[in-house]
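Report on the structure given below.
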């Protein structure tokens, strides 16, 4: 078991470009969460999936953000027309169906929008 | 609504000192409460949890007791080590499936 992985670990982009991040949860973990963390703050919930279904979305998730988990395994988070305010660490976490209160976090993708 | 308030840092302690990091919460219903730790260069890890009032979570010498009457879940350790230097996050999960995190408290332990 290799833990939750995220790719890329760092991304620098210019304002207005689109970016896509990938998260691979621990195998057999049915829930997958996306968070955003800015400097000096705790993780803020963006959205979560149970298997392939996206069950909740935060008001933080504007229409420029979209997330998918097409086969209930890995997930992608896309940000369209990036803005400087999107600069943050994007975290992914997963939980096992039998232990839904224990989240396992990935290392995060740090996004810098210039 | 649901929210978590943690004591602000940074906190600097000498090795073997007593640690308390305060955490209070606002929630409807009966949330589960957590402490996560983030060591330098690593991802967040669950440190301990408590799922109902008066439960005590413990791990690696850290403890926290779920106090419903004061809506608190303070983190304590009797004797900190340099290796405990990290950022500590208090969090709650309510009857829905969202987790709410505090802003984090940075701890530095000096030899």
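Where a number appears in this text, it was derived from the coordinates with a stated rule and is not lab data. Everything quoted here is computed from the prediction, not taken from an experiment. Cβ sites come from the backbone with ideal geometry, for glycine too, and all protein chains shown count toward neighbours.
Overview of results
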read-out: GNM result for chain A, Cα springs below 10 Å: residue of A:41, A:50, A:80 fluctuating most strongly; value: A:41
read-out: Pairwise label distance in nanometres, residue A:38 with residue A:53, each label 7 Å out on the Cα-Cβ vector; value: 3.3
read-out: Region A:1-58: mean projected area of Cα convex hull, nm²; value: 5.3
read-out: Spin-label model distance (nm) - residue B:103 vs residue B:16, 7 Å beyond Cα toward Cβ; value: 3.4
read-out: Residue B:69/residue A:101 FRET efficiency (R0 25 Å; Cβ-Cβ; nearest 0.05); value: 0.65
read-out: Relative contact order for region A:47-114, counting Cα pairs under 8 Å that sit 6 or more residues apart, in percent; value: 23
read-out: Relative contact order for chain A, counting Cα pairs under 8 Å that sit 6 or more residues apart, in percent; value: 36
read-out: Counting DSSP beta bridges with both ends in the protein assembly as shown, the antiparallel % (nearest 5); value: 90
read-out: Fraction in percent of alpha-carbon pairs per bin - 5 Å, chain B; value: 2, 13, 25, 26, 18, 10, 5, 1, 0
read-out: Contour excess over end-to-end distance, with Cα ends at residue A:68 and residue A:15 and 0.36 nm allotted per residue; value: 16.8 nm
read-out: Binned Cα-Cα distances of chain A, short to long, each 10 Å bin given as a whole percent; value: 15, 50, 29, 5, 0
read-out: Rg to Rh quotient for the protein assembly as shown, alpha carbon positions, Kirkwood Rh; value: 0.97
read-out: For a label point 7 Å along the Cα-to-beta-carbon line of residue A:22, residues of region A:76-95 with backbone N under 19 Å; value: A:76-80, A:90-94
read-out: For region B:64-111, convex hull volume per residue from C-alpha positions, Å³; value: 91
read-out: Relative contact order [Cα under 8 Å, 6+ residues apart], region B:14-97, whole percent; value: 41
read-out: Within chain A, percent of DSSP bridges classed antiparallel, to nearest 5; value: 90
read-out: Projected area averaged over orientations for region A:53-114, convex hull of C-alpha atoms, nm²; value: 5.0
